[in-house]
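The values are calculated or read from the model by the stated rules, or taken from the named source; none is laboratory data. Everything numeric here is computed off the predicted structure, so don't read it as measured data. A quick note on method: Cβ atoms are made from the backbone with ideal geometry, for glycine too, and the neighbour counts reach across all protein chains shown. Ligands, DNA and RNA are excluded from the accessible area calculation, which covers all protein heavy atoms including side chains. Shrake-Rupley method; radii C 1.70, N 1.55, O 1.52, S 1.80 Å.
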Amino acid sequence: MSQPIQNLAERPPRVTIRRLDNPDLILEAQYNPSELEETIGAAYAKLVVPGLSHKVKQFTNTEDDVLKFKLDYVVDDGGPAAADRLIAARLFFKTSVRPRRNIGAVSSGGAPRLLFFWPNFMSMTSILVAASLKYTQFNSTGRPIRMSVDVTLEDVRDTIILADDFFDEAP
């Protein structure tokens, strides 16, 4: 985990995750992840052709992109506002895997979509597949003051994305 930067002017832009059902709900990383794992893939159907020595692989679809990373939260100043940020992060993750009450349609009945944004690098509309929260230090009253979260996001696509689309993004 990186050390906090004392001069806020030196602080790099932070990773954010925004709830798309309520854009006011934004989780900002206290520290940017030190590693980001991006998994991409393609799915193939294995077709059996009588008399052929092997199965023929036929492309069926692109697998959903998956991002895995760890976020660390540390109450380093001992103040109640810092402790509240840790609890707010916990609640953000807990509510991001549950549907809301009084949904209007089946299509909007699942857990909310999220917008993952790493400034100057990438953004991805996604769903939270898993978040493993680990509390590693507590204050004298029993409140957690150190937490790490292993996050797994999976992209959500509403349109067809072709390889040519990525060439338009190249520098």
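Ignoring ligands, DNA and RNA, please state the percent of accessible area on the chain from carbon and sulfur, probe 1.4 Å. Intermediate results must be reported in sequence, preceding the final value.
Details: 6200 of 11740 Å².
Roughly 53 percent of what the probe reaches on the chain is carbon or sulfur.
Calculate one ³J(HN,Hα) per residue across region 118-124 by plugging θ = phi - 60° into the Karplus curve 6.51 cos²θ - 1.76 cosθ + 1.60, and present them in order as whole Hz with x for glycine and proline.
Result, ordered by residue: 10, x, 6, 9, 7, 9, 7 Hz.
Over the chain, give the accessible area per residue in Å² for a 1.4 Å probe, as an integer.
Details: 11740 Å² over 171 residues.
Per-residue accessible area for the chain comes out at 69 Å².
Among ASN32, THR159, SER132, flag the residue with its Cα farthest along the positive direction of the charge dipole of the chain, charges on Cβ as +1 for Lys/Arg and -1 for Asp/Glu.
It is SER132, whose Cα lies furthest towards the positive end.
Using alpha carbons only, how many degrees (0 to 90, rounded to 10) separate the axis of helix 80-95 from the longest principal axis of the chain?
20 degrees
Kindly provide the helix-only [θ] at 222 nm of the chain, computed as the sum of -39,500 (n - 2.57) over DSSP H runs of four or more divided by all residues, to the nearest 500 deg cm²/dmol? Can you show the working numbers first?
Details: 2 runs with 21 residues, N = 171.
Rounded to the nearest 500, the figure is -3500 deg cm²/dmol.
When the convex hull of the Cα atoms of the chain is projected onto a plane and the area is averaged over all directions, what value comes out in nm²? Show your work: numbers first, answer last.
Numbers: hull surface 62.8 nm².
For the Cα atoms of the chain, the hull's average projected area reads 15.7 nm².
Would you mind checking which residues have amide H under 5 Å from VAL129's amide H? H placed 1.01 Å from N; only 5 or more apart, or other chain.
THR152, LEU153, GLU154
To the nearest 0.05, how large is the calculated FRET efficiency for ALA81 and GLU154 if R₀ is 22 Å and r is the Cβ-Cβ distance?
Details: r = 33 Å, r/R0 = 1.48.
That gives a FRET efficiency of 0.10.
Would you mind giving the average projected area, over all directions, of the Cα convex hull of region 46-101 in nm² with one decimal? Spell out each step's value before the answer.
Values: hull surface 32.6 nm².
One quarter of the hull surface, i.e. the mean projection, equals 8.1 nm².
Excluding the sites themselves, what is the longest stretch of the chain that contains no GluC sites (Glu not before Pro) in a DSSP loop with at most 11 other C-beta atoms within 10 Å? Working shown, then result.
Details: sites that count: GLU35, GLU169.
It works out to 36-168.
Given Cα pairs under 8 Å that are at least 6 residues apart, what percent is the relative contact order of the chain? List each step's numbers first, then the result.
Details: 286 pairs, mean separation 37.5, N = 171.
Over the chain, the number comes to 22 percent.
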